[in-house]
1. Which residue out of ALA65, ALA75 is in contact with a strand residue (DSSP E or B) (Cβ under 7 Å, 6 or more places away or on another chain), assigned by TED's automatic domain parsing to the domain that holds VAL179 and touching a residue at least 12 places away in the same chain (Cβ under 8 Å)?
2. Residue by residue through segment 292-304, note down the ones that are of a type outside the set (Phe, Trp, Tyr) and either surrounded by 15 or more Cβ atoms within 10 Å (Cβ to Cβ) or in contact with a helix residue (DSSP H, G or I) (Cβ under 9 Å, 6 or more places away or on another chain) (or both).
3. Quickly run through segment 68-112 and pick out the residues that are part of a helix (DSSP H, G or I) and closer than 16 Å to CYS147 by Cα.
4. Sort through VAL383, VAL394, VAL417 and tell me the only one that's more than 22 Å from the chain's Cα centre (by Cα) and either surrounded by fewer than 18 Cβ atoms within 10 Å (Cβ to Cβ) or among the β-branched types (Val, Ile, Thr) (or both).
5. How many residues, within segment 176-215, are at pLDDT 75 or above and not in a helix (DSSP H, G or I)?
6. Quick one: which residue in ALA90, ALA61, ALA35 is exposed (fewer than 12 other Cβ atoms within 10 Å of the Cβ), modelled with pLDDT of 60 or more and either closer than 27 Å to ASP154 by Cα or among the small types (Gly, Ala, Ser) (or both)?
7. Test of understanding: among ALA403, ALA371, ALA399, ALA359, which residue is in a helix (DSSP H, G or I), surrounded by 15 or more Cβ atoms within 10 Å (Cβ to Cβ) and among the hydrophobic types (A, V, I, L, M, F, W, C)?
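The values are calculated or read from the model by the stated rules, or taken from the named source; none is laboratory data. All values reported here derive from a predicted model rather than from experimental measurement. Every residue, glycine as well, gets a Cβ built from its backbone with ideal geometry; the counts of neighbours run over all protein chains shown.
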Amino acid sequence: MTTDPTRWFWTAVAVGLWLLIVVAVAWSRIRARRAAAARANAFASGGDVVVVAFASQTGLAEELAWMTARSLSDAGTGARVVPLGELDAAALRAAGRLLIVASTTGEGDAPDGVSRFVRQTMGASADLSGLRYGLLALGDHTYADFCGFGRALDGWLLRSGAEPLFDRVEVDNGDAGAVRHWQHQLGQLTGSTIQADWTPPAYDRWTLVERRHLNPGSPGGEAWLLGFAPDGHKPEWVAGDIAEIGLPATADGSNPGSREYSVASLPVDGRAEFIVRRMTRPDGSPGLASGWLTGGLAVGDPVDMRIRANRSFHGPDVATPLILIGNGTGLAGLRAHWKARAGRPHGGAWLMFGERTRAHDAFLDDELQGALMARDLTRLDRVFSRDSGDGRYVQALIAEHAATLRDWVNRGAAIHVCGSLEGMSQGVQMALTEALGAERLVELTEAGRYRRDVY
């Protein structure tokens, strides 16, 4: 045991700094819980309050839930907004009147945030007689099991004795007509006229300031880093959030709507950055959105964009170890997470990433090496599926480093996965199940420590 007063002094300083970090994290969590509670009850005036629950994967269902609550409040009916995953059978019975906005992700799956609800609440019989509910189910007809989770939820509510206020409303890929039908049903519920159209948050004006080809010579599709500077406004967002980019009208004058992209930067960077893959149709022509963004749009041109919260892919506090897993353009959704730890003491950040070739597809290699040197990233493992001598996909890294991954998880690590739905996400899910066990992975999902942004 040392008697050197200098070493005792620096030990005391280190312990003191650690305690300050612990206190700061605890206080930030308390403030976040208080803010969330206040926001949830923002429209809950009056005695007859309708509970508006959402099950969201990318933030759209939550956005529509808040629009629903605001419309109810404007019509004189109080509303309280809650994540569906926070409710159980007793809370559903107590609700009396319930409106649910539920997304379906992947091939008919429930959003990750309601994993516990699906397993524990929907997996058991319940007596919900006395509950009256309405359901807005969001889906995409290009997937086989359209609105699969919404339909399963509706069936379970009916079997449990709940009474529908009106027939389930299904929305295909944001169809405005279906959303207006939901508004009509709200009008019937409140006995008041609901505004004819819901207007989402207005687009802001941005300017394309950089477009850089990330993988010239790649055997795969072109990948581009795009940078947009805000024009006359100061947007705020956090790692994990999503941007909607409005597309220009087509040659026949029709409006193609918008496309969503994971934001790969933070407000401190002064611009919103994205990694976009140029898609090619069977006839060789470029995809509508990716072709315009990677070619038709010129540097200096304006675009319409809005950034919305995607809470299901927000990161943990910086003291929590973070494992980032992805492939291809999924690097965009992971990049903001390690950037959020830059220059700050943190619990560790480990990136596992897969692409085609090291020579052409080592996206942002200089930046990754710099992040390692600065300790913003504490570990980097990559595989390249088209390289001789490698030929592996990112899920192979999970199997190879399973023991280390278990150690990180046992230290409280969160796991974030971003990239392609087909192939990658299923392979990663299987590898994580093998490494951690099915029950442990369910526990991580239900605790918000396993999150995905796959497309």
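1. ALA65
2. Here is the first cut: in segment 292-304, the residues of a type outside the set (Phe, Trp, Tyr) are 293-304.
If the condition is that a residue be of a type outside the set (Phe, Trp, Tyr) and either surrounded by 15 or more Cβ atoms within 10 Å (Cβ to Cβ) or in contact with a helix residue (DSSP H, G or I) (Cβ under 9 Å, 6 or more places away or on another chain) (or both), then LEU293, THR294, LEU297, VAL303, ASP304 are the ones that fit.
3. Start the filter on segment 68-112 by keeping residues that are part of a helix (DSSP H, G or I), which leaves 68-74, 84-86, 89-95, 112.
Matches in segment 68-112: ASP112 only.
4. VAL383
5. So the count comes out to 15.
6. One residue alone meets the criteria, ALA90.
7. On the way: ALA403 fails: surrounded by 15 or more Cβ atoms within 10 Å (Cβ to Cβ); ALA399 fails: surrounded by 15 or more Cβ atoms within 10 Å (Cβ to Cβ); ALA359 fails: surrounded by 15 or more Cβ atoms within 10 Å (Cβ to Cβ).
The conditions single out ALA371.
For (1) of a type in the set (Gly, Ala, Ser); (2) over 25 Å from the mean Cα position of the chain (by Cα); (3) buried (at least 18 other Cβ atoms within 10 Å of the Cβ), each residue gets a yes or a no:
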{"position": "PRO235", "(1), (2), (3)": "no, no, no"}
{"position": "GLY240", "(1), (2), (3)": "yes, no, yes"}
{"position": "ILE245", "(1), (2), (3)": "no, no, yes"}
{"position": "PRO248", "(1), (2), (3)": "no, yes, no"}
{"position": "ASN255", "(1), (2), (3)": "no, yes, no"}
{"position": "SER262", "(1), (2), (3)": "yes, no, yes"}
{"position": "ARG277", "(1), (2), (3)": "no, no, yes"}
